[in-house]
1. Quick one: length gained pulling Phe236 to Ala197 fully straight, 0.36 nm per residue minus the C-alpha distance?
2. How do 79-91, 95-107, 237-249 rank on mean C-beta neighbours within 10 Å, highest first?
3. Measuring with a 1.4 Å probe in the full set of protein chains, what accessible area per residue, in whole Å², belongs to the chain?
4. Net charge near Leu134, counting Lys/Arg +1 and Asp/Glu -1 over other residues with Cβ under 12 Å of its Cβ?
5. How long are the semi-axes of the equivalent ellipsoid of the chain, taking √(5λ) for every eigenvalue λ of the Cα gyration tensor, in whole Å from largest down?
6. Asp154 label point, 7 Å along Cα→Cβ, cut-off 14 Å on backbone N: hits in segment 225-263?
7. Quick check: at a probe of 1.4 Å, how many percent of the accessible area of the chain sits on carbon and sulfur atoms?
8. Would you work out which of Asn245, Thr94, Ile165 lies farthest towards the positive end of the dipole of the chain, given +1 charges on the beta-carbon of Lys and Arg and -1 on that of Asp and Glu, about the Cα centre?
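The values are calculated or read from the model by the stated rules, or taken from the named source; none is laboratory data. Since the model is a prediction, treat every value here as computed from it, not as a measurement. Cβ placement follows ideal geometry from the backbone for every residue including glycine, while neighbour counts extend to all protein chains displayed. With ligands, DNA and RNA removed, areas are computed over all heavy atoms of the protein, side chains included. Shrake-Rupley method; radii C 1.70, N 1.55, O 1.52, S 1.80 Å.
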Amino acid sequence: MLSRMMKDFRKNKFLLALTLPMVIYVFVFSYTPMFGAIVAFKRYQYNKGILGSDWVGLSNFKFLFNSPDLWRLVRNTLGYNAVFIMTSLVASVTVALLLYELTSRKLLKAYQSVMFFPHFLSWVVVAYMAYAFLNPRSGMLNHWIADIGWSPVDWYNEATAWMYILPLANIWKDIGFGAIMYYAALLGIDPAYFEAAKIDGANKWQIVRKISLPSLYPLITILTILAIGHIFSADFGLFYQLPMNSPTLLATTDVIDTYIFRALTVLGNIGMSSAAGLTKSLLGFLLVLGVNAVVKKINADNSLF
């Protein structure tokens, strides 16, 4: 067996060399910091360091689980992430299918650049762009509302409205990145399938339903499984920066990450933060295993592992 491994290594040594930088990156920034997970079980003190700090068992985990706001936090975190996964999937696949129908290379590049640009913007920048649009007095949206005879809305004191603003902002920022991934998958489909379908008299919708979408199912499944693994984690910038940390919006914008941040700015307890992060990671890992097992029973070819 060892000789076979050495033979495979010599055969693929150049491909393995190409993966080496990413392997090193993942090891340094993803696996090495796992040592710090023990902080979740300690009362961390700067003067004693990680190893010298006192063990406190599961005391740090009580901070999150004994919180009276736990139900609201879990509801918002899971609810928004579920909506983000579904809306981003539908929007990205739809845009990818539309891009695939374009025949002009110039238009294709223009659309891709315009949609992909928001992905590189910080949520701080997006927050101020949104504020210019939603400002209660001088915002563009309120001017439009006033022009049609309606009363202006104080968006930063209207908690219910953010149930729709946050998903729309998330789609706007990430649709370009998702669409490009699905578009690349569409480019990998053998053109002979489309030509045969056209010869048989299939219309556009039939081609999409019978060829394009089935070819995207493996990628859709894998990306969805990975997204479910992060369902207990929230995009901090989206939920903290975009609503400008308005206290009147916490009913619909407060999630686990923002709650922990606000608590730690007052308490300064690193152990509590580590405990919350470790809990979310373990729950996400279990969800990935569970969803992958379900997918594997339905169609093993579409499973992650």
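1. On the way: separation 39, 0.36 × 39 = 14.04 nm, distance 4.59 nm.
Length gained, Phe236 through Ala197: 9.4 nm.
2. Working: 79-91: 16.7, 95-107: 13.5, 237-249: 19.0.
Per-residue mean Cβ counts within 10 Å order the peptides as 237-249, 79-91, 95-107.
3. Values: 19030 Å² over 305 residues.
Heavy-atom accessible area per residue stands at 62 Å².
4. Numbers: positive: Arg137; negative: Asp154, Glu158.
The answer is -1.
5. On the way: eigenvalues 282, 230, 63 Å².
Values for the chain, descending: 38, 34, 18 Å.
6. 246-249
7. Numbers: 13090 of 19030 Å².
Taking all protein chains in place, the chain shows 69 percent carbon and sulfur surface.
8. Comparing the listed Cα positions along the dipole, Thr94 ranks first.
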